[in-house]
Amino acid sequence: MFRTPIGPAKSSGEKKTKHITWFATLDGGLGYFVPMPEKTYRRLLMLQNKLVTGIPHFAGLNPKAFRLPSVEQKSLTNPSKNVLDGNLLWRYASLSYKERSEFARQIGTTVNQILQDLMDVDKGTILF
């Protein structure tokens, strides 16, 4: 794991420098954790919960159950509760306009607001 700084979002007016935490997986994958405002997190979490049940998944794998760690002892906390699945959220952009509008209506926001949130995360993580 390592951290790289990202600049503050121009629209948010924040002065603090935030960091991305990058990680590698045992199977050769790369991923990162990005801090985001609470309002954006809540909006994207609601969208993620709708997408889990609302669209077909690759190979029939449920995105939440597929990524949960398997442990022998039961834990009192949910290890993936505060983590959003970027791959699943970006599938929203490839849906038809009618499907995007329906998902946005179900969570009480607009298509443009969701796409803007996704673009803000994407802009903050462009390094290469």
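The values are calculated or read from the model by the stated rules, or taken from the named source; none is laboratory data. Bear in mind the structure is a predicted one, so any value in this text is a computation, not a measurement. Heads up, the Cβs are rebuilt from the backbone with ideal geometry, glycines too, and the neighbour counts pull from every protein chain shown.
Within the set Leu127, Leu88, the sole residue that is part of a helix (DSSP H, G or I), out of contact with any Asp or Glu (no Cβ under 9 Å at 6 or more places or on another chain) and either of a type outside the set (Phe, Trp, Tyr) or modelled with pLDDT of 75 or more (or both) turns out to be Leu88. Listed by first and then second residue, the pairs with beta-carbon distance under 7 Å, at least 6 apart or on different chains, first residue in the stretch 20-44 and closer than 21 Å to Gln106 by Cα, second among the aliphatic types (A, V, I, L, M) and outside any helix (DSSP H, G or I), are Leu44/Leu84.
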